[in-house]
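What follows is a set of notes on a single structure, which appears directly below.
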Amino acid sequence: MTQVRADDRIAARVWEALAHVADPEIPAVSVIDMGMVERVDVAGGRVRVVVLPTFTGCPAVPQIEADVARAAQAVEGVVEARVEMSFDPPWTTDRITPDGRRRLRDFGLAPPEDGVPVLIASIGLPDRARCPFCGSRATRAESMFGPTPCRAVFYCDACRNPFEQFKPV
Amino acid sequence: MSEALAAVAVALADDELVIGHRHSEWTGLAPHIEEDVAFSSIAQDEIGHAAALYTLAGAIVGRNPDALALGRDPSEYRNAVLCERPNGDWAYTLARHWLYDTAEDVRLEALARSADDALRALATKMRREERYHLLHAGTWLERVAQGPVEGRTRIAEALARAYRDALALFEPLEREEEAVRAGWLPDASTELRSRFAQRATGQLDRLGLPTDIGAVADEAAEFVASSSGDLLAAGPAPPEPAVASGGGGRRGRHSADFEALWEEMTRTYRVSPGATW
């Protein structure tokens, strides 16, 4: 029983530590903000963290894996930390937390619009984005492909700035 | 037994890696900056999907994913010949892109029902990303189809040239029967091929592009279907579809263009296996 309680305390500390592990490509948000941490299991001080990659081809994945392992390892009471990357369940942009969305916006990257369902079967243009600079919705999609696999390029007709959106998946 | 699952994953990874390599050849050279970025990004997605599939297969056969991707001889690659064709002009690039991504969506839709948990999860994930590729290819096809006659003619010719190769994406995979029996591959390739042919010709029809490439298609489909039937029956081996008409990739037969692509794609790995940067 004592061991179980000790493990629970370690798990809570690991979650807290992971809130400070930044996304290497978008340092304004953490892996927790992005909803990438699926679970933290602790048994006898041994930690297993399951992380969901955002985009399959994201080159930052090995970096994230190493950063998460290092952060978990540094938590008091942790004997060993193991990180597992998984596609089950698939990471989707719906997992980004409200804090994460706010931080993305402050960083200058439009978050995927709330309440816009991402239907796999429909191939509709996910062209809704709110300008992160002036807040206008008078924006248009210029290209669904940007400087990284997760970014689309938009233009704001209100403040006449180009901006990027975190692509809904 | 589960080596049949690894064989399926490797064939699909080879498709993704090789077409990803072709797409990446547009980096720095595409007709305009947005397309340069788009093809580079699509290439990155495809190569990322290949890496995930090689990782899945490598865990089964006990091989490093990099060694699977870059440490094999050309005859060991199981990609369809369509993927290795040179980019040619912009019309061929778009036609191949559209046919490949339409075919891939048909296949991923099936694999998202796979009895293997890891493959099912990966296919589900890939499909969410591939949506953007289909959107890209579909937007271009529509734009060209509704544009001036020169573009329409050139895209129609390119589609006719690539269509037979695209059907050969659905040549039976190695150890496919085992994979189908186990439910890893929920639908047989012949079934996926007719689903693809129907969807592709249906969309071309809606866009007002010629669908008589379907005639070539039916003929090719007939040919492959009867040859696989013959394989089951005792008798002389049926003639195999030639590489020139897009066949053979699933059995490791490739065009001379693949040799050149392989030379370039694997050069760094061959010079220094295990190099990191």
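The values are calculated or read from the model by the stated rules, or taken from the named source; none is laboratory data. Being a predicted model, the structure only gives us computed values, none of them experimental. When we count neighbours, we look across all protein chains shown, and the Cβ atoms used for this are built from the backbone with ideal geometry, even at glycine.
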Among what's in the stretch B:69-126 and is of a type in the set (Val, Ile, Thr) and under 25 Å from B:Pro186 (Cα atoms), pick the residue that is nearest to the chain's Cα centre (by Cα). B:Val81
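Report yes if some residue within the stretch B:5-16 is of a type in the set (D, E, K, R), more than 25 Å from A:Asp88 (Cβ to Cβ) and away from chain A (no Cβ under 13 Å); otherwise report no. So that I can check it myself, show each step before the final result.
Going through the stretch B:5-16, the residues of a type in the set (D, E, K, R) turn out to be B:14-16.
From what is left, the residues that are more than 25 Å from A:Asp88 (Cβ to Cβ) are none.
No, the stretch B:5-16 contains no residue that is of a type in the set (D, E, K, R), more than 25 Å from A:Asp88 (Cβ to Cβ) and away from chain A (no Cβ under 13 Å).
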Of the residues in the stretch B:36-70, how many are buried (at least 20 other Cβ atoms within 10 Å of the Cβ) and charged (D, E, K, R)? 2
In this structure, is B:Leu135 assigned to a helix (DSSP H, G or I), over 15 Å from the mean Cα position of the chain (by Cα), within 13 Å of chain A (Cβ to nearest Cβ) and touching a residue at least 24 places away in the same chain (Cβ under 8 Å)? no
When the stretch A:83-103 is checked residue by residue, the ones that are touching a residue at least 40 places away in the same chain (Cβ under 8 Å), more than 10 Å from the chain's Cα centre (by Cα) and more than 14 Å from chain B (Cβ to nearest Cβ) are A:Asp99, A:Arg103
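Given the structure, is B:Arg113 under 16 Å from B:Ala13 (Cβ atoms), modelled with pLDDT of 95 or more and not in a helix (DSSP H, G or I)? Even if it seems obvious, please write down each step before you answer.
Values: under 16 Å from B:Ala13 (Cβ atoms): no; modelled with pLDDT of 95 or more: yes; not in a helix (DSSP H, G or I): yes.
In short, no.
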Give the stretch B:105-132 a look and list any residue that's in contact (Cβ under 8 Å) with a residue 60 or more places away in the chain and either more than 7 Å from chain A (Cβ to nearest Cβ) or surrounded by fewer than 21 Cβ atoms within 10 Å (Cβ to Cβ) (or both), or say none. B:Val106, B:Arg107, B:Ala110, B:Leu111, B:Arg113, B:Ser114, B:Ala115, B:Asp116, B:Ala118, B:Leu119, B:Glu130
Scan the stretch B:1-50 residue by residue and report those that are over 19 Å from B:Glu259 (Cα atoms) and charged (D, E, K, R). B:Glu3, B:Glu34, B:Glu35, B:Asp36, B:Asp45, B:Glu46
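Are any residues in the stretch A:34-67 in a strand (DSSP E or B), surrounded by 15 or more Cβ atoms within 10 Å (Cβ to Cβ) and not aliphatic (A, V, I, L, M), and if so, which ones? Steps first, please.
Going residue by residue through the stretch A:34-67, those that are in a strand (DSSP E or B) are A:37-43, A:46-51.
After this cut, where a residue has to be surrounded by 15 or more Cβ atoms within 10 Å (Cβ to Cβ) as well, the list is A:37-38, A:40, A:42, A:47-51.
Correct list: A:Glu38, A:Arg48.
Count, please, the residues in the stretch A:143-162 that happen to be over 16 Å from B:Phe39 (Cβ atoms) and either at the interface with chain B (Cβ under 8 Å from one of its Cβ atoms) or crowded, with 23+ Cβ neighbours inside 10 Å (or both). Talk me through it step by step, then tell me what you get.
First, the residues of the stretch A:143-162 that are over 16 Å from B:Phe39 (Cβ atoms): A:150, A:154-162.
Adding the requirement that they be either at the interface with chain B (Cβ under 8 Å from one of its Cβ atoms) or crowded, with 23+ Cβ neighbours inside 10 Å (or both) leaves A:150, A:154.
So the count comes out to 2.
Quick one: which residue in B:Val81, B:Val149 is buried (at least 21 other Cβ atoms within 10 Å of the Cβ) and either free of Cβ contacts under 8 Å to residues at least 40 places away in the same chain or touching a helix residue (DSSP H, G or I) at 6+ places or on another chain (Cβ under 8 Å) (or both)?
Working: B:Val149 fails: buried (at least 21 other Cβ atoms within 10 Å of the Cβ).
Just a single option satisfies the conditions, and that option is B:Val81.
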Considering only the stretch B:1-109, give the helices (runs of 4 or more DSSP H) lying wholly within it that have at least 1 residues that are in contact with a Cys (Cβ under 9 Å, 6 or more places away or on another chain) and of a type outside the set (Phe, Trp, Tyr). B:3-24, B:33-61
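Among B:Ala38, B:Ala91, B:Ala95, B:Ala67, which is the only one that is within 13 Å of chain A (Cβ to nearest Cβ) and over 14 Å from B:Val8 (Cβ atoms)?
Details: B:Ala91 fails: within 13 Å of chain A (Cβ to nearest Cβ); B:Ala95 fails: within 13 Å of chain A (Cβ to nearest Cβ); B:Ala67 fails: within 13 Å of chain A (Cβ to nearest Cβ).
The conditions single out B:Ala38.
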Residue in the stretch B:29-36 that is modelled with pLDDT of 95 or more and touching a helix residue (DSSP H, G or I) at 6+ places or on another chain (Cβ under 6 Å) present: no
